[in-house]
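Please read the structure below before turning to the comments.
The values are calculated or read from the model by the stated rules, or taken from the named source; none is laboratory data. This one's a predicted model, so the numbers in the text were calculated from it and none came from an experiment. Here the Cβ positions follow ideal geometry from the backbone for every residue, glycine too, while neighbour counts run over all protein chains shown. SASA here: full protein model, heavy atoms, side chains in, ligands and nucleic acids out. Shrake-Rupley method; radii C 1.70, N 1.55, O 1.52, S 1.80 Å.
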Amino acid sequence: MNPLLELIDYHLQRITFLLLACIAWIPLIFGTSLFHVSGLLGGAFPLSKPFSDLANHCKSSQPITAEEFHERQQRLASTLHHLNASAFIAEPGASANYFGNISATAWKLSERPLLLVITPVLVNDTQIEAKVSILTPQFEATRAKMLPIPHDSVEYIEWPEERNPYEVAVSALTIEDKAYLDESARLFIFNGFQKALSNVSVAPSAPEIQELRQRKSDTEIELLKCANEATLLAIRAVHKKMTIGMKESEASRMMSMALKVAGLDNGGCLTLFGENAALPHGSGSDRVLGQSDFALFDCGGSLHGYVSDVTRTVALPKTKVPSEHQAIWGDVLSAQTVAARVAKAGAIAQDVDASARSFLNLTGRGAYFTHRLGHGIGLEGHEEPYIRGGSLDVIKIGHTFSNEPGIYIEGKVGVRLEDCFYINSDGQSIFLTEGIGGQALSPWDP
């Protein structure tokens, strides 16, 4: 044989061997068959782009504008002035993100404080302006100045390593009255300012300040709508690709991929099959989906910082769900519907929780509803206020909550259904997923 042809033949044999070796390793790497990997990635070979129909749902969504950030800062300054307070102080996180576009991702927390400080400045008898300052480690000042803070004139207060950062902040700012710290600030930050402001009251955020972030603007609600719609569409898309015999880990990977294609960041899904779902926040066991099993998906991601949270308990077309489990699913849906009707502007949070719980008590299954009905949602997946027993919080226009009743019978079955809702300008509750159908219709139609 021609030496050149021999060389080509040799390399072709090597390539063939490597391809076969890769295929043989697939079950070991993914814990599944080649067929399931193909399904995981979007269908039978040759691979097509997976979940491509989800790609454009939130394409037109835009982040919060600089103008809206300025409005937030002004409202905060006016609120501080009304409370006779000199400053609001926050670490990178949800509140600093809300008022200054500084998330915990943009600036990781460490033992060296970087703080957003907003103070009210009285321009004249009727006009109050927000002054925005950043307390930053001196050696990190250049990086701090790269943060995209939406304000025309940010003051940077640099503290050197040999100085007390809280004393540096106090010497640079005029804090004569009380100072409010964001309620999520770490204890050593609170203690540092208490010592540096020995003659001034230092307290966690007042309810009036917390309410600024709790009650969402129309822009925020639109972002939350799109994030939650995309999440539900991803669940529906994965549901169509599921098969009896697949593992929890396979379905979880499918969900992560679908959420990513849908345009959400940090997407993930608690995935529990059969009796594993009886532990509301269980970690699963990589259980195989059986012929009579429900599959529970509790999923979320973020869109321009705003978080989604949707839960569906589903069955496949060939699933033979026991009649008792179907009845449980129907009771959970009815409890969710009852709560949605009670939730409106002026309602008390504990009464909304009690409405779902009372309904499930009538069915004889109330003892198996073991957690609160809902939580606030926005820049955080779980935030104040909460819909729970004992809460006297009043529901107001602009509030956003989850509505997620569940029944959990350990060792047998777990069912949870979750849609988030907002209170519109008429004071009525509207599901954030309403634009794509809202609540689940059945285990087979999520």
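Kindly provide the set of residues from the range 175-227 that are of a type in the set (Phe, Trp, Tyr) and touching a helix residue (DSSP H, G or I) at 6+ places or on another chain (Cβ under 7 Å), ordered by number.
Passing the criteria: TYR180, PHE193.
If you take the residues of the range 146-174 that are at pLDDT 95 or above and among the charged types (D, E, K, R), which of them is surrounded by the most Cβ atoms within 10 Å (Cβ to Cβ)?
Across the range 146-174, the extreme among qualifying residues is GLU158.
Identify, from the list PRO204, PRO165, the residue that is free of Cβ contacts under 8 Å to residues at least 60 places away in the same chain and touching a Pro at 6+ places or on another chain (Cβ under 8 Å).
After ruling out the rest, the residue left standing is PRO165.
Sort out which residues of the range 80-105 are of a type in the set (Val, Ile, Thr), crowded, with 21+ Cβ neighbours inside 10 Å and not in a strand (DSSP E or B), and write them in order of number.
Answer for the range 80-105, where residues must be of a type in the set (Val, Ile, Thr), crowded, with 21+ Cβ neighbours inside 10 Å and not in a strand (DSSP E or B): just ILE102.
I'd like to know if the range 175-190 contains one or more residues that are under 26 Å from GLU68 (Cα atoms) and either open to solvent by 60 Å² or more (accessible area, probe 1.4 Å) or more than 34 Å from the chain's Cα centre (by Cα) (or both).
Yes, the conditions are met somewhere in the range 175-190.
Among the residues of the range 253-303, write down those that are of a type in the set (Phe, Trp, Tyr) and under 19 Å from the mean Cα position of the chain (by Cα).
Result: PHE297, single match.
Do we have LEU76 as within 24 Å of TYR306 (Cβ to Cβ), open to solvent by less than 10 Å² (accessible area, probe 1.4 Å) and in contact (Cβ under 8 Å) with a residue 60 or more places away in the chain here?
Yes: the conditions hold for LEU76.
One residue is enough: does the range 109-132 have a residue meeting the conditions in contact with an Asp or Glu (Cβ under 7 Å, 6 or more places away or on another chain), aliphatic (A, V, I, L, M) and open to solvent by 70 Å² or more (accessible area, probe 1.4 Å)?
Yes - at least one qualifying residue is present in the range 109-132.
Hey, any hits in the range 413-424 for a residue that's within 18 Å of LEU224 (Cβ to Cβ), buried (at least 23 other Cβ atoms within 10 Å of the Cβ), within 23 Å of the chain's Cα centre (by Cα) and of a type in the set (S, T, N, Q)?
No.
How many of the residues in the range 257-271 are crowded, with 20+ Cβ neighbours inside 10 Å and of a type in the set (S, T, N, Q)?
So the answer is 1.
Inspect all residues belonging to the range 319-334 and state whether any of them is within 29 Å of ALA94 (Cα to Cα), open to solvent by less than 10 Å² (accessible area, probe 1.4 Å) and either modelled with pLDDT under 95 or of a type outside the set (Lys, Arg) (or both).
no
Identify, from the list SER217, SER283, the residue that is modelled with pLDDT under 95 and out of contact with any Ser or Thr (no Cβ under 9 Å at 6 or more places or on another chain).
SER283
Is it fair to say GLY389 is on the phi > 0 side of the Ramachandran plot and at pLDDT 95 or above?
no
So, ARG143, is that one under 26 Å from GLU208 (Cβ atoms) and open to solvent by 20 Å² or more (accessible area, probe 1.4 Å) or not?
Taking the combined requirement at face value, the residue does not satisfy it.
Name every residue in the range 196-214 that is surrounded by fewer than 16 Cβ atoms within 10 Å (Cβ to Cβ) and modelled with pLDDT of 95 or more, in order of residue number.
Across the range 196-214, the qualifying residues are ALA203, PRO204, PRO207, GLU208.
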